[in-house]
1. For residues that are more than 27 Å from residue 69 (Cα to Cα) and either of a type in the set (Phe, Trp, Tyr) or surrounded by 14 or more Cβ atoms within 10 Å (Cβ to Cβ) (or both), tally how many sit in segment 79-113.
2. Would a scan of segment 654-662 turn up a residue that is part of a helix (DSSP H, G or I) and either under 24 Å from residue 548 (Cα atoms) or among the acidic types (Asp, Glu) (or both)?
3. Take the residues in segment 120-160 that are crowded, with 20+ Cβ neighbours inside 10 Å and among the aromatic types (Phe, Trp, Tyr); name whichever of them is nearest to the chain's Cα centre (by Cα).
4. Out of all the residues in segment 289-308, which are buried (at least 16 other Cβ atoms within 10 Å of the Cβ) and not in a strand (DSSP E or B)?
5. Could you please find all residues in segment 807-857 being more than 20 Å from residue 873 (Cα to Cα) and of a type in the set (D, E, K, R)?
6. Considering each residue of segment 478-508, count those that are over 18 Å from residue 376 (Cα atoms) and either more than 27 Å from the chain's Cα centre (by Cα) or in a loop (DSSP other than H, G, I, E, B) (or both), and give that number.
7. Determine if segment 550-562 includes at least one residue that is modelled with pLDDT of 90 or more, closer than 28 Å to residue 508 by Cβ and surrounded by fewer than 18 Cβ atoms within 10 Å (Cβ to Cβ).
8. Would you confirm whether or not segment 567-578 contains a residue that is crowded, with 23+ Cβ neighbours inside 10 Å, of a type outside the set (D, E, K, R) and in the same structural domain as residue 769 (by TED's automatic domain parsing)?
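The values are calculated or read from the model by the stated rules, or taken from the named source; none is laboratory data. The structure displayed is predicted, hence computed values, not measured ones. Every residue, glycine among them, receives a Cβ derived from its backbone with ideal geometry; neighbour counts consider all protein chains shown.
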Amino acid sequence: MSAEQFPEVTSTAGRARHFARTRRRERSAQPAFREAGATFLFGGDPSNRLVAPEWPKMAIPMALALAGLALFNLSIPTILPALLALLALVATHFSSIAVKIESERKLETGQRLALMGLAVALPMFLFGSAMGFWGESGQVAWFGCLAVVVTTGVLATVVQSGRLVAVIAAQVGIWSGVTCVASRAGGYFALVLGVAIAIAAYLRQRKIDLHARKKSESDQRAQTRAEEILADYEETGQGWFWETDRRGHLAYLSSPVAAILGRRVEELVGRPFSELFNLTEQSGEGERTLAFHLSARSSFSELAVRAATRDEERWWSITGRPTYDTFNNFAGFRGSGTDLTEKRRSQEHASRLAHFDSLTGLSNRFRMSQTLEKILLAPQVQHRACAVFLLDLDRFKQVNDTLGHPAGDALLKQVAQRLERVVGKIGRVGRLGGDEFEVILPGKMERGQLGHMAGRIIESLSQPYSIEGSRVMIGASVGIALAPDDGVTSEALIRNADLALYAAKDGGRGRFHFYAPDLHSDAEERRQMEEDLRDAVSNGGLELYYQPVVRTATEKITGFEALLRWNHPEHGWISPARFIPIAEDTGLIATIGEWALRTACQDLARWPENVRVAVNVSPLQFANPSLPVVVTNALATAQVAAERLELEITESVFLNDDEGTDQMFKSLKAIGVRLALDDFGTGYSSLGYLRSAPFDKIKIDQSFVRGATQPGSRNGAIIASIVSLAEALGMETTAEGVETLDELDLVRMLGCSHVQGYIYERPLSAMNAAARLSTGLMAIAQGPRSARAARQSMLRKVILDHGGHRYDAMVRNISQTGALIEGLWNVPAGTIFRILIADNHVVTGTCRWSADDRMGVEFSVPLRLDENGRIAAVAAPVGVRFAIAEQEVVASRKVG
């Protein structure tokens, strides 16, 4: 709305705040208070004249009174009364000159009193004297003369209109004239008495006027103050006032409101009161409430309505009450209003903070809980079905530690956007805090659909991110719980989804897992293991074992790799695959890693000078800027050369490709330690980092070594490619997990410079490693010629069928290709059995050897493995635990 369209409104709004007080005083002129005693002198005449403008016309009734008295008595007055009467009439008639002089000239009070004496007192004295002489002559009765005098005095009082001084002058003059005829002394006395009465009356009236003036001034000040307060209230935008007539049309409206609406006050006056508001967008309750009060003529207070503004959303709080006239007739409404816009925005902001995450804009924990409760408490049972996804970001803490919290916040925003894109409108996405997110999918959905959705979420969140110019990669794990299958309360569903999330993370991260009843025992087992691990770290319950690394060309030990071991006081040896993830989740990995570095360097100090030790560094340790200091202190304390320490780093440190990673490599190489790339080819699938990372060695993961000698395997080609790449870059190679002679021959033939595995030695304690070195550095390969399928130990009853005869037996261990079975004595080699391994699962096997009651059986068809790598036919069903002595395959899980 331009200033040209509404110049008055614009100028008023622009100057109101700065010149409000001046403008108010300009608008309301201060009343002129009359001097004390003015009422006595001038009566109600605003022009303050002593002689009434109508006084000259007093000559007419005076003449008529004389004529009437003469006719009534049939008598003509003598010369003296007639002359005096004529002079009185002439003086009265020509008093108009005095009236004119008084109105046109500014006269002093004395001059005006003298003029009043000539115009009023003198004619009345002459007229009274005429009546006295006429009555004394005996031509007319005194009664008639006095009647004329009284009548004339009354008329004079009426004509002077409350001018007390003029009335007294007229009365004293006319009666003094009559008195002087009867008694000269009496006349003078009457004059003196009249003057005294006039003075007393003047003083009394002056006192009354002074009191009235003070009261009027006080009332005026109070009224002015009230007007200024109300004007300030209006013009400073704190509130406004309105008034309507009996038809509901505006009779008054504050100008600031009209300016806000972009209209003039004159345009709005006479329009319906409801035009000020946009009731079409008002809630139904609010609209009915306003209409109800207006139609019912009842008071209302602080009613929230939306203003009829065009460009912005503005809310008002209005208060009103009906008004009535003196006859108790409805006259309309009168009330006030205040601006609610900022208060409402603050309330909306507070409400948003209470229901939405301030960083990502997603629903927060409270709102997600409300959503879940609403679904679970739906009136109809079929509407209570839903799925709850709990998500946890993998490697998010590493981003925070390396790039800082602002980068972490930026990453969380991008994660939220991707989640909303994947889930869309079929569910609600929320952030619970930190890097934890929740997705609620209402309705019944098949597990296959939910698994597909979880897979899409993981895939989307695992794509690279660009944060402050750095390329960042994270992952996600998802736990899924269904209602009503996994719980009918929000607490149960969240708890079970959380257990499923832990199971997904334990399974290797980057996975989803549905809730299963046996997860409760897993969670309790994990909690207990976490407590025991903390105790082990505090009490020195962890140990380092060392596995030799042998040069293939000379078959001499060149160094050892430090491997973490934990001998639990109750459960015995616990695989690193079980407790290392717990250490990473709880943050203990940093303490464990530093301890491992110091311990390995101390053990290294007792070994020959040409033997090195390799220590694994976790991504969390690598991201810690104090790692070079820790390494330096460990070397200095043990007093060993830096080149004898080799730090093994996994590819995951390159997930956040930033300057911090490059700087860490430079700092470590400046110390002089060797760097090895561990588990090459199993993680971050990019070779770009090899151009700048100063590695001295590449370690080929055991997953490429195992099965490399099997017909049709491509692992040999992969190993050859890695070796060629390492040689081109001037790096050594170590093949891990070599356990058979044919694997050793293969990696030696493919050019691997070093070998590590059971083929030479199992991991040794520090004492045994020192004892082994004392016998020399030569290593002798000992082991089976070829690899066999991994065995799973158990005690399981099976039924053997041969030629229609059924035999009970017991499986001691089993693999994909065969089993060790006991229970039948001296079975000839080549005997074929049908083996009932489980319900509805029969496999054909051939006895290859037997000794006493044991025999080795080879299956005709390899058995299928489940997703966990176990034999599917004998794997325990979900929720069932076998009471069997199961030996866990201990992987060479490393520190970090």
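1. Step one: of segment 79-113, the residues more than 27 Å from residue 69 (Cα to Cα) are 97-113.
Restricting the remaining residues to those that are either of a type in the set (Phe, Trp, Tyr) or surrounded by 14 or more Cβ atoms within 10 Å (Cβ to Cβ) (or both) gives 98-99, 101-102, 107, 112-113.
Number satisfying all stated conditions: 7.
2. Residues of segment 654-662 that are part of a helix (DSSP H, G or I), as a first pass: 654, 659-662.
With either under 24 Å from residue 548 (Cα atoms) or among the acidic types (Asp, Glu) (or both) added as a condition, the list becomes 659, 662.
Scanning segment 654-662, I find at least one residue that is part of a helix (DSSP H, G or I) and either under 24 Å from residue 548 (Cα atoms) or among the acidic types (Asp, Glu) (or both), so the answer is yes.
3. The selected residue is 125.
4. Step one: list which residues in segment 289-308 are buried (at least 16 other Cβ atoms within 10 Å of the Cβ), which gives 289-290, 293-294, 300, 303-308.
Scanning segment 289-308 gives 289, 290, 293, 294, 308.
5. Answer for segment 807-857, where residues must be more than 20 Å from residue 873 (Cα to Cα) and of a type in the set (D, E, K, R): 848, 852, 853, 854.
6. The qualifying residues number 11.
7. Going residue by residue through segment 550-562, those that are modelled with pLDDT of 90 or more are 550-562.
Filter once more, so that each one left must be closer than 28 Å to residue 508 by Cβ: 560-562.
Among the residues that remain, those that are also surrounded by fewer than 18 Cβ atoms within 10 Å (Cβ to Cβ) are: none.
Taking every residue of segment 550-562 in turn, none turns out to be modelled with pLDDT of 90 or more, closer than 28 Å to residue 508 by Cβ and surrounded by fewer than 18 Cβ atoms within 10 Å (Cβ to Cβ).
8. From segment 567-578, those crowded, with 23+ Cβ neighbours inside 10 Å are none; that's our starting set.
No, segment 567-578 contains no residue that is crowded, with 23+ Cβ neighbours inside 10 Å, of a type outside the set (D, E, K, R) and in the same structural domain as residue 769 (by TED's automatic domain parsing).
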